[in-house]
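> Can you keep this structure in mind? I'll have questions shortly.
The values are calculated or read from the model by the stated rules, or taken from the named source; none is laboratory data. From a predicted model like this one, the values you see are computed outputs, not experimental measurements. We place every Cβ from the backbone using ideal geometry, glycine too, and count neighbours over all the protein chains shown. Protein only, heavy atoms only, side chains kept; ligands, DNA and RNA dropped before computing areas. Shrake-Rupley method; radii C 1.70, N 1.55, O 1.52, S 1.80 Å.
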Amino acid sequence: MITLSAFADEAAADLATQMDVLESVRVRAIDVRNIDGKNVSTFTDEQAAAYRRQMDDRGFRTACIGSPIGKIRLDEPMGPHMEALARCIEIAHIMGTPYIRIFSFFAPQGGDFTGARREVFDRLSMMLHAAKAGGVILLHENEYDVYGRATAECLDILKTFGCEQFKGIFDPANFVLGDVKPYDDAWTQGLAELTFWFHIKDAVKGEKHCCPAGQGQGQFDKLLPDLKRRRWSGTMTIEPHMAAAGTYGGYSGADLFRVAVTTLQKLLDENELDWQ
């Protein structure tokens, strides 16, 4: 069974409207990233608890904390970032999820990743230690402009750190934007066995915005049949980026957001993949 979630801040800023839009397309889980213009990593305890109550009252749940952790340069200090991770761990507990999305760092100033592996892995090791101590699970997302942007780097990260507290997210569009064919050059090269979660958006290299699943170069026509063959079960988080895409988030608006969700649901149905 596939569970659908969404970065609902792509539909609206306030939580009530986010839930209205999701309810209209039969999605009941949210990857919490931004509410009322505030990033989840900056919520107070009181704000997090209030948002949790709003979601509980309407039958929604937090699937994952959509944190920005790992989106700093490798030559920036790690201490404040570890404090931000500690805050995300606290918020995850308040909001009722064990999952926190992370990344594997931008290149140092100048943009050169040469020799970066040791520093990346030292930092990820610190993050995993904090996750184990805090009782949460880190979900590493491939991103086209961080260290874990290419298949070999993602495989290296997931094989080194993969455990109950560290798992992998597969984002087809981010591979496209990094000149990687998602199915041919990533999924079939070992990431299929290491993927715990999906972020769903599609893209055409060179286009300004992303597009619904199956309408770009994300190879959904190959990925979804293979999920059926593998009897894959897990969460797919819809992250359309259809009107705007930035370093720390994106925007689609309610109408385009609904298009992205219903397009994915249709593809899942066509491939006989059960979803909820």
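> Are there GluC sites (Glu not before Pro) in segment 133-234 that DSSP puts in a loop and that have at most 10 other Cβ atoms within 10 Å, and which ones?
Those satisfying the criteria are GLU164.
> Mind checking which of ALA116, ALA260, ALA131 has the largest fluctuation in a GNM of the chain, springs on alpha carbons under 10 Å?
ALA116
> Here's another thing I want to ask about it. Per residue, what accessible area does the chain have, given a 1.4 Å probe and all protein chains present, in Å²?
Roughly 41 Å² per residue, with all protein chains present.
> Taking all protein chains in place and a 1.4 Å probe, what share, in percent, of the accessible surface of the chain do carbon and sulfur account for?
That share works out to 48 percent.
> What distance in nm separates the simple spin-label points at THR188 and ALA49, each placed 7 Å from Cα in the Cβ direction?
5.3 nm
> What 222 nm value per residue comes from the helices of the chain, counting each DSSP H run with n ≥ 4 as -39,500 (n - 2.57) and dividing by all residues, nearest 500 deg cm²/dmol?
Theoretical 222 nm ellipticity from helices: -12000 deg cm²/dmol.
> While we're looking at this one, here's another question. With a point put 7 Å past each Cα toward its Cβ, work out how far ARG230 is from GLN109 in nm, to one decimal.
4.1 nm
> Between segment 1-76 and segment 100-164, how many Å separate their Cα centres?
23 Å
> Binning at 10 Å from 0, report for the chain what percent of all alpha-carbon pair distances ends up in each bin.
Bins of 10 Å from zero give 7, 31, 39, 21, 2 percent of pairs.
> Roughly speaking, what is the stretch gain from HIS129 to ASP274, that is 0.36 nm per residue apart minus the C-alpha to C-alpha distance, in nm to one decimal?
Between HIS129 and ASP274, full extension yields an extra 48.7 nm.
> Quick one: length gained pulling LYS266 to ASP14 fully straight, 0.36 nm per residue minus the C-alpha distance?
That works out to 88.0 nm of additional length.
> How would segment 96-243 be classified by its alpha-carbon gyration tensor: rounded, prolate or oblate, with rounded meaning a/c under 1.5 and the a/b versus b/c comparison settling the rest?
Taking the square roots of the gyration eigenvalues as a ≥ b ≥ c, segment 96-243 is oblate.
> Could you tell me whether segment 1-127 comes out rounded, prolate or oblate from its Cα gyration tensor? Rule is a ≥ b ≥ c as square roots of the eigenvalues, rounded for a/c under 1.5, then prolate if a/b exceeds b/c, otherwise oblate.
Since a/c reaches 1.5 and a/b is larger than b/c, the shape of segment 1-127 is classed as prolate.
> At what distance in nm do the modelled label points of ARG26 and ILE2 sit from each other, each positioned 7 Å from its Cα along Cα→Cβ?
1.3 nm
> Two decimals is fine: what's Rg over Rh for segment 1-56, C-alpha atoms, Kirkwood radius as Rh?
Result: Rg/Rh = 0.96.
> Moving on to the next point. List the chymotrypsin sites (Phe, Trp or Tyr not before Pro) in segment 169-276 that DSSP assigns to loop (not H, G, I, E or B) and whose Cβ has at most 14 other Cβ atoms within 10 Å. Which are they?
Within segment 169-276, the qualifying chymotrypsin sites (Phe, Trp or Tyr not before Pro) (loop, at most 14 other Cβ atoms within 10 Å) are TYR248.
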